[in-house]
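Visitor: Dumping the structure here so I can ask a few things about it.
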Amino acid sequence: MTTATLEAIDGLLAGTPDADEVLRGTVAALVAEPAVVWAAIGFVEGDAVALGPVAGTPDEARRMRVPITFQGAIVGELWADGEPHVQLLEQIAERIAPQVLIGWDTGGEAWEA
């Protein structure tokens, strides 16, 4: 994973006011990396994590999970299958935390991919 992914996500954050678009764009930017075959964002709902936006083809045997925290509370997880760099996943999780908090509140409606 390269800094180009961070730059793409920073561009989304700066130019896209819609949280859903930012989150969909984030997973798309991740799977554009050669080392990542699948990416997703999960939203914490009680004791479970509900699957949100996804991109790519899953390979659960090579899955990394990074918590997404907002003001000290875990609000989601960033998942990436393949061989991503954990430090960059952590940086992405930090950047998108406010959008995950906003995107989580679907009012009971299922997330549409």
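Visitor: In segment 39-54, which residues are more than 11 Å from the chain's Cα centre (by Cα) and in contact (Cβ under 8 Å) with a residue 12 or more places away in the chain?
Guide: Scanning segment 39-54 gives Val44, Glu45, Val49, Ala50.
Visitor: Inside segment 78-87, can you point out the residues that are surrounded by fewer than 19 Cβ atoms within 10 Å (Cβ to Cβ) and touching a residue at least 12 places away in the same chain (Cβ under 8 Å)?
Guide: Glu83, His85, Val86, listed by residue number.
Visitor: Something else about it: It is to be established whether one or more residues within segment 20-28 are of a type in the set (Asp, Glu), surrounded by fewer than 21 Cβ atoms within 10 Å (Cβ to Cβ) and in contact (Cβ under 8 Å) with a residue 24 or more places away in the chain.
Guide: yes
Visitor: A further question on this structure: Which strands (runs of 3 or more DSSP E) sit wholly inside segment 27-113 and have at least 3 residues that are modelled with pLDDT under 95 and either over 25 Å from Glu7 (Cβ atoms) or in contact with a Pro (Cβ under 6 Å, 6 or more places away or on another chain) (or both)?
Guide: It comes to 36-45, 48-56.
The values are calculated or read from the model by the stated rules, or taken from the named source; none is laboratory data. None of the values given here were measured: they were computed from a predicted structure. Counting neighbours? That spans all protein chains shown, and the Cβs are built from the backbone with ideal geometry, glycine included.
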